[in-house]
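Here the structure comes first, spelled out in C-alpha cells, and everything after it is commentary.
The values are calculated or read from the model by the stated rules, or taken from the named source; none is laboratory data. Fair warning: this is a prediction, and the values are worked out from it, not measured in the lab. Here the Cβ positions follow ideal geometry from the backbone for every residue, glycine too, while neighbour counts run over all protein chains shown. Ligands, DNA and RNA are excluded from the accessible area calculation, which covers all protein heavy atoms including side chains. Shrake-Rupley method; radii C 1.70, N 1.55, O 1.52, S 1.80 Å.
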Amino acid sequence: MNSPSQDTLPAHADPEAEQLFYSIMVSSGDDLYANYQRLRETAPALLTSDGTLVLSRFADCSDALRHRALGKGDEFMRLKFAPVSPEQLNAVLEHLQRSMIMINPPDHTRIRGHVNAGFTGGHVEALRASVTERAERLLEKLAAEPGGDFVSGFALALPSGVICDLLGVPEADRAALTPHILDLALLVQATPTEEQLGRGVAAAASLADYFTGLLKEKHANPADDMLSRLVATRDGDGLDDGEVLSTALLFFLAGNKTTADMLGNALHAIVTHPDKLAELRADPSVIPTAADELLRFDGPMQLNARTVLEPVTIAGADLEPGKAVIILQGAANHDPERFENPEEMDLRRTNNGHLAFSSGIHFCTGAQLAKLEIEVLLSTVFLGYSEVSFTETPERYPGVGMRYFEELRVSLKR
C-alpha cells in the first residue's frame, strides 16, 4: 500500500493511531519501521488526547524542525512515556538546561557559533588518521577474542576516545568515566524506569562535578583542546562556566553513547545484508554514500521534540504556545514520498537528505565527525576482515528514544 499524498489527511485525532504511537514508544523491536508506515498511512499528523502533535511524514517533520515558531521549552517532559517526578526532571535540567539542545536564540546562536569553530570540515578530516589508527587497535583486540562484545570493545570505546581527545580529558581519568556515560544516556530514553532515571541523574551530577574540576584546570593551564578554547571565550560574547559545563555534558552524551549506538546499528545492518557487504567490498568508493544511507536506514535518534513558542499552524493543526510537537524523524527517513524504496538499503543512494542529525538550527554539530566514524567503521571492519559474524543473536534495546543494541557478540577473521 502506498503512503497517502502529503496533501491528504491533515492533522486529526485518531484513538487507534494514538495507541499505535504509544506502543511504538515503549517497544520498538524489528517491526518499528512497519509500524511507522501504519502510522503515516492512518494519522501522519496525529493530535493526541493531550493536544500534542505527532508528525511522521518527511515534509512535515522537516518543516517542524526548521520552523522558528517552534523551539525549546518543556518538551523534554513530553518525551517521557513513563512517570517522571518534577524533582527528577529538575535534577536532570540542572546540568543540561544551558546546553545548545535545550535553549533558543539568541543564546543558542552565540554558543553554537563558538562550538562550531572546532567542528569545521577541515578540523574533522584532520582526525581521520588518528581515528582509523584507534579503530584498528580496538579491532585487533576484538579479533583476538572471538565472541567479544563489539558494543563495549569498539562502538563505545572508539567515540569515547575521540571525544575525550577533543575535550581534553586526561587519559588517566577516562576509564572511570565510562560507567557514567552509559547511565547518562538513560536520560534520553522515552520509557525510563524510576531506577534508570535515578542512575541517569546521579551520572549527570558525577560528570558535572568532574568537569567542574577539569574546567578549573583548563583555566589555570589551557591546552590545545575544545574545553580550553571555550573557557578562553569568557570575555565578550563567550561562554560562562555554566554554559561550558552544559556543553561538555552534551558532547559527552551525544559524542559517546549516541555515536556508539550509530556504529552498532551500522554494523548490524551490513552484517545482516550480505549482498550489501559484498557490494561494499567490491567497490569501497561507496563508503561515503553508504555512511549516510546507514544513518537513514536505521539511525540511533528516532525522535525529536519542540515546544510551540507562538501561535502557529503546523500540518493543518492550529497550535497555541506551550503545546508540544513530537517529530518522528526515524519515520520520516522511511517516507516513500521522500525516499524511493525506503525499506531498501541503497549504499549508492544520492540526494540523501535524511533527518538522522535533525535539521534547522539544532542540526547536530558533530554530524561530520559521526559520519567520519561510520566511514572508519566500514573501512576497518569490512575491508580489514574477510569474515565478520555474530556469535549470538543480537537483541535490541526495546525503547525508541534511542535505538541500539546493548551487546553485539562478534567473530572477526582476517
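Numbers below:
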| item | result |
| --- | --- |
| Compactness of region 145-296, expressed as Rg and Dmax over alpha-carbon positions, Å | 18.3, 55 |
| Full-stretch length increase - residue 116, residue 386 - with 0.36 nm per residue and alpha-carbon distance subtracted | 93.4 nm |
| Check: the chain dipole with +1 on Lys, Arg Cβ and -1 on Asp, Glu Cβ, in debye | 600 |
| Proximal charge balance of residue 292 [Cβ under 11 Å; K/R count +1, D/E count -1] | +1 |
| Segment residue 241-residue 171, extension gain: residue separation times 0.36 nm, minus the distance between their alpha carbons | 22.9 nm |
| Burial ranking of peptide ranges 42-49, 165-172 (average Cβ count within 10 Å, highest at the top) | 42-49, 165-172 |
| Ranking by accessible area, most exposed first, for 137, 66, 414, 396 with a 1.4 Å probe | 414, 66, 137, 396 |
| Relative packing of peptides 204-215, 256-267 - highest average C-beta neighbours within 10 Å first | 256-267, 204-215 |
| Rg over Rh [alpha-carbon atoms, Kirkwood Rh] for region 341-404 | 1.00 |
| Viscosity 1.002 mPa s, 20 °C: Kirkwood-radius Stokes-Einstein D of region 141-228 over Cα pairs, µm²/s | 146 |
| Correct choice for mean projected area of the Cα convex hull in nm² that was computed from the model, options (i) 19.5; (ii) 24.9; (iii) 22.7 | (i) |
| Neighbourhood charge, 14 Å Cβ-Cβ cut-off, centred on residue 378 and excluding it, Lys, Arg +1 and Asp, Glu -1 | -2 |
| Whole-Hz couplings from phi, Karplus 6.51/-1.76/1.60, listed for region 33-46; x for Gly and Pro | 6, 5, 5, 4, 4, 4, 5, 4, 6, 9, 8, x, 10, 9 |
| Where the chain is the region considered: accessible area per residue in Å², 1.4 Å probe | 41 |
| Nitroxide proxy distance, nm - points 7 Å out along Cα→Cβ at residue 411 and residue 107 | 5.4 |
| The chain: relative contact order in percent, alpha carbon pairs under 8 Å with at least 6 residues between | 27 |
| Inter-centroid distance (Cα atoms) of region 136-151 relative to region 361-408, Å | 15 |
| Heavy-atom accessible area order for 386, 246, largest first, 1.4 Å probe | 386, 246 |
| Centre separation in Å (Cα based) which lies between region 273-300 and region 214-245 | 39 |
